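The values are calculated or read from the model by the stated rules, or taken from the named source; none is laboratory data. The model shown is predicted, which means the values in this text are computed figures rather than measured ones. Here the Cβ positions follow ideal geometry from the backbone for every residue, glycine too, while neighbour counts run over all protein chains shown.
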Amino acid sequence: MEGTVRFEHHTFGQRLGSMVKVDFRRMFTQPLVYIMLGVCLVLPVLILVMTTMAGGSAGGGAAMGTFTNVWQAIGTATGAGSGMAMDLTTMCNINLVYFLAAVLVCVFVADDFRSGYAKNLFGVRPQKADYVISKTAVCFVGCAGMMLCYFAGAMIGGAIAGLPFDLGTASVGSVVLCMLAKIFLLAVFVAIDLLAATIVKQRLWASILAAVAVGMLLFMMIPAMTPLNATFLHALMCFAGGALFGVGLGALSALVLNKTSLV
Amino acid sequence: MNAIEIRGLTKQFGSKQALAGLDMTVPQGAIYGFIGENGSGKSTTEKLICGLLVPSGGRIKLFGRDYTDADVRAKVGLLIESPGCFPNYSVWNNMLLQAANLGIKNAAEEVRKVLRIVRMEGSASNKFKNCSLGMKQRIGIAMALLGDPALLILDEPLNGLDADGMRIMREVLVDITRQYGCTVLISSHILGELEKIATHYGIIRQGRMMCEMTAEELDRSCPTYIALRGADMAGMERLLSMRYRRVEEENGDLRVYDAVAPEEVTAYLYGQGMLPAELTTAKIGLEEYYIGLMGGEVKR
């Protein structure tokens, strides 16, 4: 009856590779990510078209704090005056994606715990750190897609609303860097969302609330970190911040998973 | 080498002590029936072995290695409470995901193989949410069998299975232990089924291991008895009690537990002017043994 059990060595790379493959497959074969991408595409169109209509004309919107330029949906150039002012253009721009990202990440992670899939996962080969790295990577890609969809939606919405595409002090290059900075910054938010989701596990609403609440604290800093006239330094700082927070908060998420019950 | 070795395992949930220094030894290749009342700590122990809960104290070793070792965990198959599947995915896709998690190279072939073992190959395209409870349990078993596990941990796998499902499960478990030397830790309240396959038993009570024994030891511990039925049960009981030390009424039978030959009992009753209508010799089963143990009066 007794025989020798041979254990094959599974490297970190092998484990992570399988995990990432599974997570990508899960992310992109479920409707959730496509719904979120759709929301990100449609939302700016609705915001721009409806606020412009409410403002009466593209030019008259300024008094109401509505959009007078397409690029306001993406960001505000530093030195433009309204960088930190809380009006419609700073509240309802591309930075909303950071909150929508919380929904994507929290639903994606909570699904693992609600379905019992986490039991299958952690009971066998994958380690908690593999899980956190894989989830961070896959959610980051999903959220970056959402960011790009919002950008595309803003362009479409601006064109429909007849808003000017005048870049002012910014340039095409700085807009690209601004978008890059925003995407890099997503890593921080994804890590926060993941931490919230791993703490509360299957309690989806609690994780979304926690992630959004923490996101609110950082929300005011986003325009300053990712202005429309961003430079290479902005992108680099956001990349470094994203990497540092991603690793730090990721380690914290792995610790939470290691120290708490998974069922 | 033991497949599972647990020493002094404790688990505290707030003020509730779920496990209070549990010791457990599961030999390699055994089908270990893990028995206990509700809330005795069976599921907690299994979840701890699977790494789903964090122990408060104690040590768990799987095949002589730490239980968190990824290489050892890759050879563990589990079904804890219910199979962890995504309801909107097909059975096939759920299986493929788990195969990928385990790093199985020929995933499709392996999935087909395990689905065939649990006789579910025809339902692979069904959405998991549309499967019956029994089908879900079988899928859970199939999932646990992925990657040729050396250790299977099954928490109440017989729940929801019909008679055919139970038979299949029995055959599968016996087959994988005989053919592949797989060790199975199985907890179940359906003791009659467990008795048919288990080679070892562990009985847990209030977070402690009451006793561990092999099937042979259990067999030796379970006494034989003579069961009698007749028209005048009260009179027969009175007569038998005068002669034999332990006479009990159970399930409408009179049972004589003293190690005596049936012919002697018949001769005695005949001598007293009474003959039983029915007389059989039997042995108490695991269920009765367990109930007796829990009640503090083990029938020996």
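Can you give me the number of residues within the stretch A:56-99 that are modelled with pLDDT of 90 or more and surrounded by fewer than 20 Cβ atoms within 10 Å (Cβ to Cβ)?
Residues that pass the stated criteria total 2.
Give me the pairs, please: first residue somewhere in the stretch B:172-186 and in the same structural domain as B:R119 (by TED's automatic domain parsing), second residue anywhere and hydroxyl-bearing (S, T, Y) and part of a loop (DSSP other than H, G, I, E, B), beta-carbon distance under 7 Å, and either six or more positions apart or on two chains.
Once the first residue is in the same structural domain as B:R119 (by TED's automatic domain parsing) and sits in the stretch B:172-186, no partner that is hydroxyl-bearing (S, T, Y) and part of a loop (DSSP other than H, G, I, E, B) comes close enough.
Mind listing whichever residues of the stretch B:65-82 are part of a loop (DSSP other than H, G, I, E, B) and either touching a Cys at 6+ places or on another chain (Cβ under 6 Å) or at the interface with chain A (Cβ under 7 Å from one of its Cβ atoms) (or both)?
B:A74, B:K75, B:I80, B:S82
Has the stretch B:29-49 got any residue that is assigned to a loop (DSSP other than H, G, I, E, B) and within 26 Å of A:E8 (Cα to Cα)?
Checked against the condition, which is being assigned to a loop (DSSP other than H, G, I, E, B) and within 26 Å of A:E8 (Cα to Cα), the stretch B:29-49 yields at least one hit.
So that you can scan it fast, the table gives a plain yes or no per residue for (1) in contact with a Cys (Cβ under 9 Å, 6 or more places away or on another chain); (2) of a type in the set (F, W, Y):
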residue	(1), (2)
B:E193	no, no
B:K196	no, no
B:Y225	no, yes
B:E250	no, no
B:Y289	yes, yes
B:L293	yes, no
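As an exercise: evaluate B:Y89 against (1) closer than 25 Å to B:I186 by Cβ; (2) crowded, with 20+ Cβ neighbours inside 10 Å; (3) facing chain A (nearest Cβ under 9 Å) and give the number of the one condition it does not meet.
(1)
Here's the yes/no breakdown for (1) of a type outside the set (D, E, K, R); (2) within 9 Å of chain B (Cβ to nearest Cβ):
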{"residue": "A:T4", "(1), (2)": "yes, yes"}
{"residue": "A:H9", "(1), (2)": "yes, yes"}
{"residue": "A:G17", "(1), (2)": "yes, yes"}
{"residue": "A:K21", "(1), (2)": "no, yes"}
{"residue": "A:Q30", "(1), (2)": "yes, yes"}
{"residue": "A:I35", "(1), (2)": "yes, no"}
{"residue": "A:G38", "(1), (2)": "yes, no"}
{"residue": "A:L43", "(1), (2)": "yes, no"}
{"residue": "A:V49", "(1), (2)": "yes, no"}
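Tally the residues that are more than 22 Å from A:A243 (Cβ to Cβ) and of a type outside the set (S, T, N, Q), restricting the search to the stretch A:162-180.
Going through the stretch A:162-180 one residue at a time, the tally reaches 11.
Using the structure shown, decide if A:L255 is over 18 Å from A:I192 (Cα atoms), within 14 Å of chain B (Cβ to nearest Cβ) and either surrounded by 14 or more Cβ atoms within 10 Å (Cβ to Cβ) or not hydrophobic (A, V, I, L, M, F, W, C) (or both).
So A:L255 fails the test.
Mind checking which residues of the stretch B:98-108 are at the interface with chain A (Cβ under 7 Å from one of its Cβ atoms) and within 17 Å of B:M120 (Cα to Cα)?
Selection gives B:Q98 alone.
Suppose the filter is more than 24 Å from A:A137 (Cβ to Cβ) and in a helix (DSSP H, G or I); does A:A251 pass it?
Values: more than 24 Å from A:A137 (Cβ to Cβ): no; in a helix (DSSP H, G or I): yes.
Taking the combined requirement at face value, the residue does not satisfy it.
(1) assigned to a loop (DSSP other than H, G, I, E, B); (2) surrounded by fewer than 16 Cβ atoms within 10 Å (Cβ to Cβ); (3) more than 14 Å from chain B (Cβ to nearest Cβ): which one isn't true of A:A230, the others all being true?
Status for A:A230: all satisfied but (2).
Hey, among A:A181, A:A187, A:A191, which residue is away from every other protein chain (no Cβ under 14 Å), under 17 Å from the mean Cα position of the chain (by Cα) and closer than 30 Å to B:C50 by Cβ?
That would be A:A191, the only listed residue that is away from every other protein chain (no Cβ under 14 Å), under 17 Å from the mean Cα position of the chain (by Cα) and closer than 30 Å to B:C50 by Cβ.
Would you mention how many residues in the stretch B:33-64 are crowded, with 22+ Cβ neighbours inside 10 Å, within 14 Å of chain A (Cβ to nearest Cβ) and at positive phi?
The qualifying residues number 2.
Tell me which helices (runs of 4 or more DSSP H) are completely within the stretch A:89-171 and hold 2 or more residues being of a type in the set (S, T, Y) and within 14 Å of another protein chain (Cβ to nearest Cβ), or say none if there are none.
Filter on the stretch A:89-171 gives A:128-161.
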